[in-house]
Structure formats: structure tokens, C-alpha cells
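Beneath this line is the structure, given in C-alpha cells, with notes to follow.
The values are calculated or read from the model by the stated rules, or taken from the named source; none is laboratory data. The model shown is predicted, which means the values in this text are computed figures rather than measured ones. Cβ placement follows ideal geometry from the backbone for every residue including glycine, while neighbour counts extend to all protein chains displayed.
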Amino acid sequence: MTFITCSSQSLTLITCSLLNLLLSTNYLLGQPYPFSTSAKPALPSSPPSTPLAPQLIRPKNGWHLITHLRSSYRSQLDPKSLVTTWFSRRHPDRLRPGSVLSVSSWSTPSKTGSTSFAGVLMAIRRSGPDTSFRLRNIVSRVGVEMSFKVCSPMIKEIKVIKKVERGGTLVKLASGKLGRVGKPLRRAKANFLRDKPDLLASIAGGVKEK
């Protein structure tokens, strides 16, 4: 049997340490702290004001949790659901290469001024909330391309000037009715328009009219 001998000074230090630990524990539990009059006890945590979603209470192998997080983040970053409609791969209202778009973006983080750029849709890079697209136009006889993030907070508005459908471009005729003119670009990316400025100008003819 082993005995540990301690001096009176060591016992005093151990006793003070245990006493401070006990008082600190009582302070955390909401009881008054005797060593300071300005210290306020911590209040017990209250339950959340908003109830949790049912899929968070009983998730199934984590699948419902991930789905809930994706939908909540998507609703915050993309309130207009442009990623799942215009820039989707299979949505009926999706935008195809060759469509003419006009993008208004904020020029400053304080959103006091805005700039606009219109051009032909060259390509779409689909990557969830990081989806981006590229426009091309001819400015002062120079080909200019700009890329935009769909969910960027600096995007003010995206307008569709001309929309390419499966049967051609949907335009407004002189009679006032909607009609399809031309053929769609049967490619996922319209990079070949860089070498055909005349074709690019004919496709983007509605930019100046708009």
C-alpha cells in the first residue's frame, strides 16, 4: 500500500484549486460568482425559436440533410432559380448557345452604379452555385468576351433579348406575332463564332434594336 505525503502548503494549494473549480462550475451553471460583483452568471441556453425541418430531425443516412443544405443555400444564392431554369442542361426553358443576353452588373460593392454588357451566349459552365456563362460582342471592331457568375451578388439583372429554340430563334415579326427565324447552333459551345465576325454580327443584330 502506497502513501503520498503532502506538505501543508501543497494541501492548501490543492484545496484552493478545487474550491475555485467548484465556484467556476457554479458560475457557469448560473449561480452568482462570489469573487467579483461585476461578473454576471451565464444564462442557460434557450431552444431555437424556429423549429427544425423534419428531414433534419430524422435524416436517413445523411441524404436528407445534404438535400436540405443544398436547397437552402440555393434559395439564398439564386432566389430567381436561374441555375435550374435558364442555365440548366435539360429544362424546357433553358438557354442555348447563340441566344442574345444583356447583363447589368453593379460597378461598386455599395451598389450605387451599374454597367451593362450585351452579347451572344458562347458557352455555359454548369457547376451548381458556381455556374457561369460567357458572352461575346464586337465593340469598336474588336471582339470582346466577358464571363459572368449566375449567383454573383454583383449581378443586377439578366435579360434575354433573343432566345434560340430547337426550331430556330424566336423573334417578333413585323405583324406583331412571334415567329422562328434561322436555325439553332447545334453545338454546346459557339467558339467558332470568333472566326466568323459577320455571323456574330447577324446573330447579335437585335442588341442595337433593343
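When each of ARG141, ARG126, ARG96, ARG70 is tested for being touching an Asp or Glu at 6+ places or on another chain (Cβ under 8 Å) and either of a type outside the set (Phe, Trp, Tyr) or closer than 14 Å to ALA204 by Cβ (or both), the lone residue that passes is ARG96. Close contacts from the stretch 192-203, counting a first residue that is within 16 Å of ARG134 (Cβ to Cβ) and a second that is surrounded by 13 or more Cβ atoms within 10 Å (Cβ to Cβ) and among the charged types (D, E, K, R), with Cβ to Cβ under 8 Å and a gap of 6+ residues or different chains, come to LEU193/ARG136; ARG194/ARG136; LEU200/ARG136; ILE203/LYS162. The residues in the stretch 66-94 that are of a type in the set (Phe, Trp, Tyr) and outside any helix (DSSP H, G or I) can be counted, and the count is 2. Scanning the stretch 88-112 for residues that are β-branched (Val, Ile, Thr) and touching a residue at least 24 places away in the same chain (Cβ under 8 Å) yields VAL100, VAL103. Restricting attention to the stretch 69-84 and to residues that are more than 10 Å from the chain's Cα centre (by Cα) and closer than 15 Å to LYS149 by Cα, the residue that is surrounded by the most Cβ atoms within 10 Å (Cβ to Cβ) turns out to be LEU82. LYS183 passes every criterion in (1) at pLDDT 80 or above; (2) in a loop (DSSP other than H, G, I, E, B) apart from (1).
Say we look at the stretch 117-155 and pick out the residues that are small (Gly, Ala, Ser) and more than 26 Å from LYS196 (Cα to Cα); which of these is modelled with the highest pLDDT?
This residue is SER152.
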